Each structure stands twice: as C-alpha cells, then as structure tokens.
1. In sequence order, what are the phi-derived ³J(HN,Hα) couplings for the stretch A:790-803 according to the Karplus relation 6.51 cos²θ - 1.76 cosθ + 1.60 with θ = phi - 60°, rounded to whole Hz, with x for glycine and proline?
2. Using a basic spin-label model with each label point 7 Å from the Cα along Cα→Cβ, how many nm lie between A:Y60 and A:R623?
3. Check the straight Cα-Cα distances from A:K403 and name the aspartates and glutamates below 14 Å, setting aside those fewer than 8 residues away within the same chain.
4. Which residues belonging to the stretch A:854-903 lose at least 50 Å² of 1.4 Å-probe accessible area when the assembly is complete, relative to their chain isolated?
5. Kindly rank A:531-538, A:850-857, A:449-456 from highest to lowest mean number of other beta carbons found within 10 Å of each residue.
6. May I ask you to give the solvent-accessible area per residue for the protein assembly as shown, in square angstrom, as obtained with a 1.4 angstrom probe?
7. Place a point 7 Å from the Cα of A:E560 along the Cα-to-Cβ direction; which residues of the stretch A:568-591 have their backbone N under 15 Å from it?
8. Using a cut-off of under 20 Å, list every residue of the stretch A:732-771 whose amide N is near the label point 7 Å from the Cα of A:L828 along the Cα-to-beta-carbon line.
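The values are calculated or read from the model by the stated rules, or taken from the named source; none is laboratory data. Being a predicted model, the structure only gives us computed values, none of them experimental. Please note: Cβ atoms are built from the backbone with ideal geometry, for glycine as well, and neighbour counts cover all protein chains shown. Each accessible area value is taken on the protein alone, full model and side chains, heavy atoms only, with ligands, DNA and RNA left out. Shrake-Rupley method; radii C 1.70, N 1.55, O 1.52, S 1.80 Å.
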Amino acid sequence: MTGHGLAARLASRLGLPPDEAHRALLLGLILFALTGSFTLARTSRDAVFLARLPATLLPYVYLGVGAFTMAAALGVAHLTRRWPVRRLLADGAAYTAVSLLVFAAWLQVSARLAAVAFYLWVNVYSLVLFSQFWIFANSLSNPREARRTFGFIGAAGILGGLFGGLLAPPLSAWTPGALVPVAALLVVPVAQVARALGRGTPEAENRPCAEEDRSPSAPLRHPYVRWLALMTLSAVVVTGLVDYQFKVELQARYHTAGDLASVLGLFYAGVSLTALAVQLFLTRALVRRVGAGWSAALLPAGLGLGAAVTIALPGLGSVLVTRLWDLVLRFSVNRVAGELFYFPIEPGLRCRARNAIEAAVRGSDALAGVVILGVGLFAVANTRAVAIATAAVVAVSLLAWSKVRRGYVTELARNVRRLQLDPAGARVSLREAGLLEEMTRLLGSPLERRALQSIEVLEENAPELLRERLGELLGHRSPRVRARSLALTRVHGMALPPGQLETLLRDEAPEVRAEALRAQAALLGRRAMGDLTDYLAATDVRVRTAAIVSLIERHFAAEEDPLRDLIAKTLADGSPPERLAVAQALGRRDPDSLHGFLTPLLDDPDPAVRAAALVSAGQGQRREHVPALVEALGGRGLSEAARAGLVAFGDRVSGTLGDYLCDPAVPMGVRLGIPQVLGEIGSQGAVDALFRYREGGHLRLAYRVLKAENRIRMTNPEAVFPRGRVVEEIARDVERHLSALVHRHGLADAAPPRPDWLLRLALGERMDYAQNRVFRRLGLIYEPTEIHAAYRAVRSRDPRRAGAAAEYLENALAPDHWRLVEPVAGDLGDDGRLRLAASRYGLLPLPPAESLEAIIRSDDHWLKTLAFHVAGTRGEKSLLPLTEAGRSADDPWVREAAGWAYPILAAR
Amino acid sequence: MRETALTLVEKTLALKNVELLGSMPTEALAQLASRTQELHLDPGEVIFREGEASRSVFVVLEGVVEVRKDDSVLRVVGEGMVFGQLALTDAEQPNVTAGAKTHAHLLRITREDVFDAVLDYPEVGLALVRTLARAVQDFIKKVVVLEREAARMSSKLRGQDGASPGASPAPGGVGDVDSG
C-alpha cells in the first residue's frame, strides 16, 4: 500500500482531513524510528553501565549528565536561532547516526570510560532529538489538529519503543555489541522523511527562535512559563530518582551485561506495550474528555502513590511498578498533554520557553543526583530514603501542575485574542494617532470652521489642552468661536482670565453676550431676577433666552412664583428657540415642580422642542411623563430623544419598560426601542426586565434584547445573569442551528435567483444567527471579551485561529457547557455536526418535500414563507393540504406565500 | 404608471440581486421588500420631474430608465441598477427628470425605509457609500472628458491643429448605459 493509500485509510479511520492524516503518518514514522533507536541505545547504555560499574555511582553520573547536557543546550539554543526547524531535526538525526556508530566501535575497546561517556551521550542526544521532533510537529499543527493527531503520533512512537524493546534481547543474545549499530541505522531515515515533510511548509522553514521573534522579556519571567518549567523539571527529577531506585534494585539481582540487557529489553518492551495500550484506548479519549490540564495530573498523582507504597514496602516490586507508571505515562498521556501546554504561548516566546525548559530539564538530571547525594548525607541512600525524597518532589510537581492548569486557560484566551489579525473592533486612540497635536495647532487658526472643529475634537479627547489656550480662544475674531469657548468654561468649570467675563458681557455679538451671561450665572451661583431685567427685555432672542435659562437653572427660591409666570409667558408667546431653551434648561434642574411645564412642551408643534422636552422629562423623573416617553420610542425622529430621556430616568423606569417589552399589544416599533434603553440603563433591574421577555417568533426583537444584555454585561460587571435560563436558551439555539443545517443539507443546491436558493441562503443565515446568539449568551456567563475573541476566531476561515478558539473554549467552559455548544463552536465540520444532530436531537436529513413540510410546521415565519414559495415552484403536490391551511395563517407573509402556491399545487 | 403585485419572495429575490442591498440578510431584505412600491411604466412615462422631490430610491427590475436635465441625458439606468440615491441626502434635490425609455418595471423604496435598513445593517451604509463614490468617480471622468473636449475646441477655434490625445469620450461618458 502506498503512503497516500495509508494516509487515506488513516483519514477515514480517525475522521481526519486527508492533509492532516498525511502529516500524522509521516510524523508517526519519524517518531517510530527515533523511539526504536533510542530504546536500543538506552538498553545498551544501562546494560553496559550496570555490568561494568556499580549503581551507586549513578548519582555522580547524573551530575555529569546535567553539566554535559547544559553545555549542549547552549549549542542547540544557538542553532535554533539560525537553522530552520526542518533542518534542525534532519541534520540532528544524521549526526546522531554517525555518533552512534563511533560509540559502537569505542565500546568494543574501552570498558569503564566508554560506558560512562556513552551514558552521557545517550541522554544528551535523546533530549535534543526528541525536543527538535516536537518543535517540528508543533510547527506543522494547531492545537485542535494536535489533539486529533498527536495521540496517533505518540502511539507510533510507542510502537517504535516496543519494536526496539523486543529486538534488544535476541540481538543482545546474538552479539551484545549489535544494539548500538542497529540503533544508528534506525535513525538514518528520519533525516530523509523530515526533509520531505517540512519542504514547502512555511512554518517548518522558519527558524524556531529567530532573533526577530524575541519578545522583550526573558521566558522565565513569564509566570505561566515559570510554572510549566517547574512542573517539567520536578517531573524529570522524580524520574531520575525512580530510575535510580529501579537500577539499584535491578543490580542487586542481575550481574552480567547479557542478563541485564535481556531484562531491560523485556522491561522496555513491556513499558512500550502498556504505553501503546494506554495510548490507543485511553489517551485520546481522556484528553478529549477532560482536557490537557486534568490529563497531565495522572503522572504525578501515580508517582506520589508509588512513592508512598515504596516507603511502606521497599523492593523491586514497588519500584518496578512506579517506574513502569512513570515511563508509560510519560510516553503516552503526558506526551500529548504536555505538548498542548506549549500551544497557547506566543510563537517567539514559545520556542525560547521550550529551550529554557529543556535546559532546566537537562539540568534536572544533575538535580536528581544532588538529591540522592543529599539523602546520603543524612541517611543511607537506600530505596526507602530516596522514596521519601521522591514524595517531596512529587508534591512540588503537583503544586506546579495546579498553577499550569489554571494558567493554560488564561493563556489560551490570550492566544485567541492575539490571533485576531484584523484590527476591527480595536479602538484607535486619538492620542496614539497623533491627531491631537494637529488639532491643538489648528486652534490658532483664524478660520472659524477649523477652530470650532478643533475645539470639538479636543473637548472630547483632551479638554486639558483647551484650558491652556482659553484666553486666546476667547479673543478669537469669530463670535461663534468666542461663544463656544465660553460654553467650555461653563461645562468644564474652567476659570476665565481676570476681567474677561465683563468684557464678553459687553461683546458686540449677542450670542457671545448670551453665553457670557450663562457663564456668569455658573460662576455666581444663584441669580436674582432684578440683575437680569435688561437682559430679559433684550431685543435679541439669544440674549433674552440666556437670561431666562440662567434663571431657570439658578433662581432664588423666593422668586419661584415670578419665574413661573415668566416661563408660562415664554411658553405661550415665545418663539421656538425660546421654548427650546426652556425645555433644555428644565432638564438641567433636579426633579421638582417646575418640571410640570414639560407636559405641554411634550406636545409642542416644533419637533426640536418636543425632542428637548423628552430628554428633560427623563431628567425630571415624573411618572406622568413615562407613557409619552415610551410612546415616542416608536416614532421616527423622536426615538433618540425618548431613549435619552428614559435612560436619564434611570433604573426607576426599568420595571415599567419590562412591562411594555413583554406586552404583545404594544406596537412593535416601541418594543424594538426598549432593549437599547434598558441596555444603557445597565442596572440589575434592567437585566431582570430584559429576562422577563421570552423569545417568540420575532427575531429582531429577540436579537435586540440579547444585544442589550451583552451591553450590560460589558458595562456593569456587578450585574448577575440567570445562569440556568441562559444555558436553557443556548440549548435551544444549538438545536435551531442543527435543525437549519439538516434542512439545508436536505435541499439540493440551486442557482440564484431561484426561491430554493433563497431558502438555502436563509437557512444558512439562521445557522449563523443561532451561532452568534450562542456566543452572545456565553458572554453573559463567561468573560465576554474572550468569548467575543473566540467567536471571531471560530467565524474566521483560518483553521489555526478556529482551532485555538475551540481549544480555549473547551478548557474555559464548564464541561457540560462545552458539550452543549460543541456543534456550533467546535471544529467538527458539517459531517460531524450532522452526526451530532442525529444522535442528540434525532434530526436526520430528509427528502426535499419532507424538509419543506418540517419548515412549514415550524414557527419561523420567514422560513415558512420561503418554504411555501418553494413548494409552489417545485410543484410539491403532497404539501397541498398544508398550503391550503397556510392561506388563513395570521402572518401576512405566510398567508401571501401560501395563497400564491395553492392554485399552482391544486392545478397539478 | 400602473401597479402590479410581485410576491414578497419575488421582490426579495430581485432586491438580493441589487449590489446596494445584496449584503443584507434575507429576512431584513424581505421586510424592506414588503414596504416597497412596485411600478410598471410605459415608454416615455415620467417617474419624477425637475423640481419635484422624489425622496425615494428606485430599483430597475426590468427595462431602461433615463435621467435627464433639460434635453441632456445624464444617466441611463439598466436592469438590476439603482437610481435616486441622492434623495437619501439632506442636500438640495437635483433638478432632474427620470422617465422610462422602454417599458420598465421598478421598485420604489422610501428614504426612511433605506435609513432604517442602514441603521440595522451597517453594511448597507457601506454599500451606499461605495455606490455614491463610484458615481462621483464617473462624474469626475466626465468632467475630465469635457475639459479635454473644451480645450480641443478652443485650439480648433484659434486655428491651431492637433486635438489633444484622449479626446475621445471615456467609458461611462454621457449616453453610456451604466454597467452597474
């Protein structure tokens, strides 16, 4: 069978896309060869060492391994900044093959020195080569692909170990020196396959730790990387300690190189066989079910248990089982889970983090040696004493694991946000854009429009810059600029230069005088009517209005009655601008009896006055104005003012708005305006009012309600959303998504502009809406910005982004929530979704006529309309009874479509 | 001018094929379609005259419509195209007349309905900006052509030879049918 044939079978068996299957097959082949070779080399290493030297020498050898490999790590780190990933692995494999052949020859002529050197070298090359292999595999995959394929790749590696383990005893029996040359031969094809696989793949051509990828901070300053390093390091120290106990116990029973090679070969074969079984039957399911985080806990938990048993019952049995657990888990579950922990780290940091951790791991052999020697200082370094030390290191490992597990979700979220490549949604600060400087310069422009535009921009973004230029602006040649600058002093409480106000009160332009009057009122506090007599009698309406406004805003309590007369007279005889100014000024007062004047203004013939009265009515907070405010929500031209008024009314109106929202007798225009108001009020009362609305057939209203809930979630972190209800609605949306998918699948492709094409389009939109709603609802009960980033990544066409988002969601959501939303958020593909639709909801693709019938029986009025039309154009006679009934439907669209289709079907 | 009734689905399909509205979701488009007015015009029949504010956008479903200023044809609008977009602005309405050149089948959408669509679906606003930008570009091209023509005529009048290169009307010039 060809490679492609194998890949095709693998693709169908594991449900993988063909390109993924091809990659997985070749990566599996490489790992098979690497592990097979390493198992032979390791068997030979241990057998040669234990036959020629005492096991008690091992702690010193561990120290040597640590020092030697740390030095090698520096060289490798240097290379990773210069060589592409592909070359690192391919050339590394070639050099390893050559070095093994050299050692094979040396071991024949030297006894002790060659044994120690070989022990050191096997540790060095295995760490480097396996590390390069996983960097290479990571560069070709994304987290979701890794979940699907790394299990298979790991299994191939274990098979290699099994192959090497089973080959070792007969080879060793034939001639003990044959193990190492065969190990060298096995590595040779790795170079070729790595070159072929990485060719043309941009990621594999990249340098894993290129200089330009360097982030400013060192990797170990990143807390997640630090905990990951500690977790890995402690796990390797434990491995060293357990390995030592195992070898001490082994040497006590077996003495010749042949016996040791046979036993070790069989042991490693047993390890591989067990690991293979775990990999095939447990790893994939475990990682998919509980995620990388919990899967990674199995190893330290088991080692802790093993250490406890060894303390109680020291001997080859307990040590062998612990060592078996250690190797089996490290080759299967932990290999896959451990690799997943690297994915969310940003690419430049990821590589350097890996290098730093690998360096720490290399040093951890030495650490194991130090621990054993340290134990020897206080007691005899026997199996029980070392087991106590092992238990202590396992405790550290478990602590680090718990930190990594929590950090993994956080890092996944960061990764999803980092992958948002387009800047949509990002707010560009004016400061950052450098526009402020330009606007400040334009303040000095003699041109009125330029100066006013600069004031507008700066007032919103940097009012402090206006303060510095106030004197200059108040002397501007344009009256509009002077008046606008005076308004700034009032609104922002800016101090006027001495004597400037008096000058401006005598300004030749009435609009400046009017504004100066208001500024003066703001400065002085209360105003007496007597001070304003001249202004109240001014011929210019702007000056007169400013005087009335300043009195409404700041009159003395004793003068309320004459003020009432003045307002009544203005409302009766005043021009629209005067009535407008009164309406606006009333809105700036705290709620009191003067707001009663707003009642006639709410029916003013001038729309601008009505709009101002609506805004002020909200600020006045009088109950009798609520119906007018709500009614205006549905009116064109006034809805914005009504919304502002109701928002100003605040939480006191939330309950009433909830009543209107849920009342089907209220005009739809009004109901459509309510969610936005509640969203802007943003209180817990607003949330409760929104959740009183139960979704019916009106998609637009339901969507606006959801958008308002999302808005509150973003603006009010204290707001509590009913979790049970949210989950219930998510479940309904997922079912709607799958139902639309199934129907779309059942209807054949049609070219535009046919009605069946429109129906398929509408079904696709229903799927999109449902997906959007699911994420919006998730944002109510999880971190909204991260859920939003995940939504955008899932919607992108980039499988890497979508994969990262799915990985984040699977880890961030509660397991039952993830299972619920997997059909709309996971990377299942249409086939996977169809399978879930069938298994979870019993939704099966139907023939077109039955699909149309199901849609007609649904409560979606637009889809029903289209389905009737399609039934008519297709001549689906079986739908005649339903079509006849549809002619008397309440919905006018459905009625019209059924009425159109009926005579066509009846005539057939 | 007479009215007939397309079904809602047929109107929606027609609007879906209009570039300006093609990005709207189908149900929103159906809502817009339900508020449109359908018009059938005979050749020569006028849709709106100079001095009348139409306050509507028209979609040509079938036939050809001419937009005129006095005796000059400013624009010829074919099937699947839209005219009257300037009715959406607050600017003074252009003094033009629009009439059917052949038998024409149109949908009329009011300015308020288009605004509602823009508010709910910003992509309609973007499509509108694109359409208007293209119209501005077309006008600039026409101005350039006319300027060259004027320069050529001026040279001719002064008795000099050699019309400037590029004097021939550019694509999209006066009298061309817009290609959408």
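1. These are the phi-based 3J(HN,Hα) values: 5, 4, 5, 5, 5, 6, 6, 8, 8, x, 5, 5, 4, x Hz.
2. So the two model labels end up 9.4 nm from each other.
3. Within the straight-line cut-off, A:K403 pairs with A:E411.
4. A:W862, A:H869, A:W893, A:E896
5. A:850-857, A:449-456, A:531-538
6. Normalised by residue count, the accessible surface of the protein assembly as shown is 44 Å².
7. Once the point is set 7 Å along Cα→Cβ of A:E560, A:589-591 turn out to lie under 15 Å by backbone N, inside the stretch A:568-591.
8. A:732-747, A:763-771
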